[in-house]
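Working notes for the structure below.
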Amino acid sequence: MNYIKPQLLERVNTWLTSTFDNDTKAYIKDLIANNTKELEESFYKDLEFGTGGMRGVMGIGTNRINKYTLGKNTQGLSNYLHQQFSGETIKVAIAYDCRHNSQSLAKVVADVFSANNIKVFLFEELRPTPELSFALKHLGCHCGIVLTASHNPPEYNGFKVYWQDGGQLVPPQDAEIISEINRLEYSEIKFDANETLIEIIGENVDDVFITESIKNGSFNTAAEAKENLNIVFTSLHGTSIMAIPETLKRAGYTKLHIVEEQRTPNGDFPTVKSPNPEEPEALKMAVELANKVDGDIVIGTDPDCDRLGVAVRDLNGEMVILNGNQTMILMTDFLLNQWKAAGKIDGNDFIGSTIVSTPMMSVLAKAYDVECKIGLTGFKWIAKMIKDFPELDFIGGGEESFGFMVGDFVRDKDAVTSTLLACEIAAQAKAKGMTMYEKLIDLYLEHGFYKERLVSLTKKGIEGAQEIKQMMIDARENPLQEVNGSKVVRIEDYQLATIKNVLTGEESPTNIPKSNVLIYYTEDGSKIALRPSGTEPKIKFYISVNTTLDNVSDFQATEQKLETKIDAILKDMQLN
């Protein structure tokens, strides 16, 4: 028998008791005999909640997504709900995406809630994540769950938890619930469903959700302009096919070309390396279709339909994919302009962004005389802004990772309404003889040319996690003094909750919850952020540079200048 560390063996032996089914125990015994490395990967820790809930590889063990780890989460959550809402009829809503086992795991979660005397609204089949956020509030639920791993590879699944306001868990609920889960033994999970408490929902909620999406995402676009916009759409084998085509149709967009090879939901995502609209390869088939049908705009969404990638025609008429910061800037400026034209900006409004997103969001806010609130990475923090400041009107907000939220009827990034918003912008621009790309250049002319790039390093497994941890330790113990020849003037360390003026040595608090993020600002206006991903085995580097743009004719040369500068920063940091 292979040597197994005593601490690991203790964790493994728990799963060999009568609490667990025979197939699970047989699989573990096989790992003990034949694959101790996989055994260690499966059991060396408990899956943790990150920026987007809990995600992990599906399989057997404490570090895997399975009926027992999700059952334990649900049991702990049930206990917490009864503590918080004693005497009330507690209600939860559950949705799931196209991933393998999502439907069966959703039923496990529903069973455990119902066994704990909690009313469950369970979607009849896969639905977009933003529809769960909407349904939760629409049905007056206390909590909501989505079974999804967003854009992670096919072997992953996950468990997102939403609270009464429709937003994901934030402090103090997250720590309190995690503490409740950690106190539990697996033997305490109640798996025996009370089927009378499980109600199947579907089209009745779909209809209201789509109606509200159109209400929030439509902005007086002429019918002729809508009919003239030639749209190409791909769901990348995900849930958006259940909502976006119908939303666009009802909103009056008649020229919609769907990438048929990617229409059918499929957890293997057979036509892409990664179902992530951040990756240009994911939109390749949609761009090819756009070139065949002379499309004006391409839109692709991730598997659970909370993020969208957008491609538009550049100055040469070629399809180019906008990054998340560019899409966010276009959408935010459009919303601000609409609010201003309607006389709705009154000093009690705000937009939202994140610490690793483009600084141009704050520049836009200042131009329109509204506040820009900046939070940690993850839309749960933007939802928390809305919750914490009910006296203020939320206009819209986004993050660099291709997420955007229009208004507050949904409290998470929402690719359904954002897709409609993107089409409104494109249709109105086309009616004026412009493209979205030209509108973006106009914004650079007015507010400054900001250019960003994300570099991700993947570090899998136990060794990878340790390597990422050490990289962040090294960055703190040996902070950069200059980047690409420009002095570092400010360092924001969100783990220490400090902002340091390097020139004076003065320190001030961040006034944002602690997080493992480090940001450098240089004398020439560059911004470099480092953070481990909260959902994937990656460490991410966010680079932002900027300059002025005086004429449209200078755009391409100026863009190349900024790209070259980013290349030089990456080379200086040994990241390319």
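The values are calculated or read from the model by the stated rules, or taken from the named source; none is laboratory data. Keep in mind the model is a prediction, meaning the values are calculated, not measured. Please note: Cβ atoms are built from the backbone with ideal geometry, for glycine as well, and neighbour counts cover all protein chains shown. We work out accessible area using only protein heavy atoms, side chains counted, and drop any ligands, DNA or RNA first. Shrake-Rupley method; radii C 1.70, N 1.55, O 1.52, S 1.80 Å.
Could you pull out the GluC sites (Glu not before Pro) across the stretch 91-133 that fall in loop regions by DSSP (anything but H, G, I, E, B) with no more than 12 other Cβ atoms inside 10 Å? Each step should come with its number before you reach the end.
On the way: sites: 124, 125, 131; in loops: 124, 125.
Sites meeting the loop and neighbour criteria: 124.
Rolling a 1.4 Å probe across all protein chains gives residue 408 an accessible area of roughly 60 Å². Can you give me the Cα centroid spacing of the stretch 170-194 and the stretch 349-376 in angstrom? Cα centroid of the stretch 170-194 versus Cα centroid of the stretch 349-376: 36 Å apart.
Scan the stretch 34-107 for GluC sites (Glu not before Pro) in coil per DSSP, keeping those whose Cβ has at most 15 other Cβ atoms within 10 Å, and list them by number. For GluC sites (Glu not before Pro) across the stretch 34-107 that sit outside H, G, I, E and B with at most 15 neighbouring Cβ atoms in 10 Å, the list reads 48, 88.
If you sort 366, 380 by accessible surface, 1.4 Å probe, largest first, the order is 366, 380. Specify which labelled value, from (i) 33; (ii) 37; (iii) 55, agrees with percent of Cα pairs over 37 Å apart derived from the coordinates of the model shown. It is the one labelled (i).
Per residue, how large is the accessible surface of the chain? Use a 1.4 angstrom probe and give square angstrom.
Values: 23320 Å² over 576 residues.
Ligands and nucleic acids excluded, the result is 40 Å² per residue.
Suppose R0 equals 30 Å; then what is the FRET efficiency for residue 195 and residue 38 from their Cβ-Cβ distance, rounded to the nearest 0.05? Working from the Cβ atoms, E equals 0.25. Helix 129-138 against the longest principal axis of the chain: what's the angle in degrees, Cα atoms only, rounded to the nearest 10? Tilt relative to the chain: about 80 degrees. Shape call for the stretch 421-463 from the C-alpha gyration tensor, a ≥ b ≥ c root eigenvalues: rounded (a/c under 1.5), prolate (a/b greater than b/c) or oblate? Verdict is oblate for the stretch 421-463.
Mind checking the angle between helix 461-477 and the chain's longest principal axis? C-alpha axes, 0 to 90 degrees, to the nearest 10. Relative to the chain, helix 461-477 is tipped by roughly 50 degrees.
With the full set of protein chains in place, find how many percent of the accessible area of the chain is carbon and sulfur; take the probe as 1.4 Å. Mind showing how you got there, number by number?
On the way: 10820 of 23320 Å².
Of the solvent-accessible surface of the chain, carbon and sulfur hold 46 percent.
Could you tell me the distance between the Cα centroids of the stretch 535-552 and the stretch 84-155, to the nearest Å? Going from one Cα centre to the other spans 36 Å.
The Cα center of the stretch 9-42 and the Cα center of the stretch 276-337 differ in position by 45 Å. A probe of 1.4 angstrom, applied to the heavy atoms of all protein chains, finds residue 134 with accessible area near 20 square angstrom.
Which shape class, rounded, prolate or oblate, goes with the stretch 242-330 when its Cα gyration tensor gives a ≥ b ≥ c as root eigenvalues, a/c under 1.5 marks rounded, and past that a/b bigger than b/c marks prolate? Rounded, since a/c falls under 1.5. Relative to the dominant Cα principal axis of the chain, helix 22-34 is inclined by about 80°. A DSSP coil position with no more than 15 other Cβ atoms inside 10 Å describes the following trypsin sites (Lys or Arg not before Pro) in the stretch 424-515: 432, 460, 514.
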